[in-house]
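The values are calculated or read from the model by the stated rules, or taken from the named source; none is laboratory data. This is a predicted model, so every value here is computed, not measured. Backbone-built Cβ (ideal geometry, glycine too); neighbour counts: all protein chains shown. Areas reflect the complete protein model, heavy atoms only, side chains present, ligands, DNA and RNA absent. Shrake-Rupley method; radii C 1.70, N 1.55, O 1.52, S 1.80 Å.
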Amino acid sequence: MCRLARDNLRHGLPPAGQFLKNHQMLQELQLAAQRWQQLPPTRRGIVIIALPVCCLLGTVGVLMWFSASIASYERWVHHTQRVKIEGRELLNLLINAKTGVQGYQLTRQPGFLGPYHSAVAELPLTLENLENLIRDNPTQLAHFQQLKSLVTNVLDILAKHVTLQLNPFSEDATQRYYVAQQLEQAEQAMDRAHAAIDAFLMEEERLLLERQQRSETLRRMNSFVIVVAVVVGLGSSGLAIYWFQQLHQELDRRGRRLEAACDRLARFTANASHELRAPIAAILSHAQVGLLLAQEAPEQCQLRLEKIATLAKFMGQLVNDLLFLARYEGASSPNFTTSFELVTLLEQIAQEWQETCTANHAFHLELASISAVVRGDRDLIKQAILNLLHNAHRYTPAGGTITLRLEVAERFAVIEVRDTGMGISATALPHIFDYFYRDERVRQRGIHGSGLGLAIVRQIVDLHRGRVAVASQEDQGSTFSISLPLASN
Ligand code: ADP
């Protein structure tokens, strides 16, 4: 036995094989639940309604079948009872006939022949009834044919006997001997007929018992099926109600999400128009003043044109940002197939950054000594880091320090952009990732921006199933960190 299994047994745990089996079953269940969630709501609705309806129809069908079977067995039980009654009637008639003849022989009183005559009259009808009743049972029909010939034989012997008795010469010795012999024959024939009727009735008794037992078994099964149907019905109805509630909640959630998205879209459109209208108005005003000053003060006109160019550039950037946000808005995280090394990316960014932007700030790069491979889109991650670096650059006065740092913590790579700039006020901090949000302090200081840079960062990080966080103190500086899951996970 392997060590794991031995340890498990010692600690009263299930063996490893069992554990794996349970684990596999659990995974399959989770998969089935996921597939169920992925089905369109209409299909789920159909299944939810179909489940109790099918249970109900199935139960009704099974119960109808049981009722029909029970009724059929009841009919057969009744039929067998009738056969038994007719069989007993036959036996009684034979006994009556024989007793009547014997009574007459002993007393010589014709009144004793009454039962014999009525038995002779009734017997053909009883035999016919019996034959009709057992016509469908070939075994009993064969028995009946035998029995019928025995009965006929007994009746013949009794009839001959009666004829001899009524004969005036019967006092003759030969005749008396003949009568005695006939009576003996009648006795023997009667015994055989009796035995045949008994055998016939026993077979009917067996059939009766068998049919009663089957009928009883069906009744018990019927009760059991009713109990099972009630349990299954309650269970399926409960399940249907539960699923229905879930579907209702999900549709409710979707509705709320849709409403929120519509709200966001409305706010986004209003903000976007506002942000675009302001530079357009400025461009228009610069263009009008520039046109007026074109002749008298060409250098003023030149200044206006430069401002128009700056504003147009800003608008271009704003439109780009808006397009970017619109492209990825509400998109679920894709399954990235490519992975890349963050250390190399950060080295590249740092090199490009130092070549262009570090004139007024000290810049440090601190890298993890181990590799940090993440899965995702390298260009998007680069854009997110650059957005943070640009902010650090814009919101840190000259002489400040900007640090780009990478460390690996547990199963995440953490990229940090730290600055020693103006920091963010506590009231602004919860809103800085919202679209178009800008801290009042940066507006007052005349630092331009669109308020979309951090929203883009958050969207990129969300797409990579990562997290973005910020820690900041006014006039002390800010630290933005992006955590991305390592590719090995
Ligand atoms: P923008 O910088 O164009 O205004 P962002 O979305 O990038 O838009 O930033 C939103 C706001 O967050 C900024 O207006 C600013 O108030 C604040 N902020 C972002 N980064 C920093 C930073 N490094 N230091 C101080 N404030 C910052």
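Pairing residues of segment 463-476 that are at positive phi and at pLDDT below 95 with residues that are part of a loop (DSSP other than H, G, I, E, B) and surrounded by 20 or more Cβ atoms within 10 Å (Cβ to Cβ), at Cβ distances under 7 Å and at least 6 apart in sequence or on separate chains, gives D475/M422; D475/G423. For segment 269-304, a residue qualifies if it is in contact with a helix residue (DSSP H, G or I) (Cβ under 8 Å, 6 or more places away or on another chain) and under 23 Å from L323 (Cβ atoms), and the qualifying residues are A272, E275, L276, P279, I280, A282, I283.
Looking at segment 384-402 only, could you name the residues that are polar (S, T, N, Q), out of contact with any helix residue (DSSP H, G or I) (no Cβ under 9 Å at 6 or more places or on another chain) and either within 12 Å of the ligand (Cβ to nearest atom) or assigned to a loop (DSSP other than H, G, I, E, B) (or both)? Don't jump to the end; show me each part of the working.
First pass over segment 384-402, keeping only residues polar (S, T, N, Q): 387, 391, 396, 401.
Checking which are out of contact with any helix residue (DSSP H, G or I) (no Cβ under 9 Å at 6 or more places or on another chain) leaves us with 396, 401.
Scanning segment 384-402 gives a single hit, T396.
The set of residues from segment 341-370 being touching an Asp or Glu at 6+ places or on another chain (Cβ under 9 Å), modelled with pLDDT of 85 or more and surrounded by 14 or more Cβ atoms within 10 Å (Cβ to Cβ) comprises H361, L365, L367.
Quick grid of which residues meet (1) exposed (fewer than 11 other Cβ atoms within 10 Å of the Cβ); (2) at pLDDT 85 or above:
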| site | (1), (2) |
| --- | --- |
| A266 | yes, yes |
| R277 | yes, yes |
| A287 | no, yes |
| L291 | no, yes |
| E296 | yes, no |
| E299 | yes, yes |
| L305 | no, yes |
| L323 | yes, yes |
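Applying the selection to segment 224-250, what residues are in contact with a Cys (Cβ under 7 Å, 6 or more places away or on another chain) and under 15 Å from I46 (Cβ atoms)? Quick ask: steps written out before the conclusion?
Initially, segment 224-250 is screened for residues in contact with a Cys (Cβ under 7 Å, 6 or more places away or on another chain), giving 232-233, 236.
Within segment 224-250, S236 is the sole residue that qualifies.
Checking each residue in segment 406-426 for being within 47 Å of the chain's Cα centre (by Cα) and surrounded by 15 or more Cβ atoms within 10 Å (Cβ to Cβ) picks out L406, E407, V408, F412, A413, V414, I415, E416.
Filter segment 407-423 down to the residues that are of a type outside the set (D, E, K, R), away from the ligand (no atom under 14 Å from the Cβ) and more than 12 Å from V373 (Cα to Cα) and list them by number. Matches in segment 407-423: A409, I415. The set of residues from segment 424-450 being closer than 15 Å to H393 by Cα and either within 7 Å of the ligand (Cβ to nearest atom) or of a type in the set (S, T, N, Q) (or both) comprises I424, V442, G449.
Residue by residue, here is whether (1) open to solvent by less than 10 Å² (accessible area, probe 1.4 Å); (2) farther than 27 Å from R277 by Cβ holds:
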| residue | (1), (2) |
| --- | --- |
| A428 | yes, no |
| I432 | no, no |
| R441 | no, no |
| G453 | no, no |
| D462 | no, yes |
| R467 | no, yes |
| D475 | no, yes |
| I482 | yes, yes |
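Kindly indicate whether any position in segment 344-358 is of a type in the set (F, W, Y) and touching a strand residue (DSSP E or B) at 6+ places or on another chain (Cβ under 8 Å). Yes, that holds for at least one residue.
For segment 42-58, a residue qualifies if it is open to solvent by less than 100 Å² (accessible area, probe 1.4 Å) and out of contact with any helix residue (DSSP H, G or I) (no Cβ under 6 Å at 6 or more places or on another chain), and the qualifying residues are G45, V47, A50, V53, C54, G58.
The rows are residues; the columns are (1) more than 23 Å from A350 (Cα to Cα); (2) in contact with a His (Cβ under 8 Å, 6 or more places away or on another chain).
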position: K382; (1), (2): no, no
position: G399; (1), (2): no, yes
position: V414; (1), (2): no, no
position: I432; (1), (2): yes, no
position: V442; (1), (2): yes, no
position: S450; (1), (2): yes, no
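For (1) in a helix (DSSP H, G or I); (2) not polar (S, T, N, Q), each residue gets a yes or a no:
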| position | (1), (2) |
| --- | --- |
| R443 | yes, yes |
| G446 | no, yes |
| S450 | no, no |
| V457 | yes, yes |
| R465 | no, yes |
| V468 | no, yes |
| S472 | no, no |
| T479 | no, no |
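Within segment 150-172, take every residue that is part of a helix (DSSP H, G or I) and open to solvent by 70 Å² or more (accessible area, probe 1.4 Å) and give me the one that is modelled with the lowest pLDDT. Residue satisfying both the conditions and the ranking: F169. Residues in segment 199-225 that are among the charged types (D, E, K, R) and out of contact with any helix residue (DSSP H, G or I) (no Cβ under 8 Å at 6 or more places or on another chain) were compared, and the one that is nearest to N92 (Cα to Cα) is R206.
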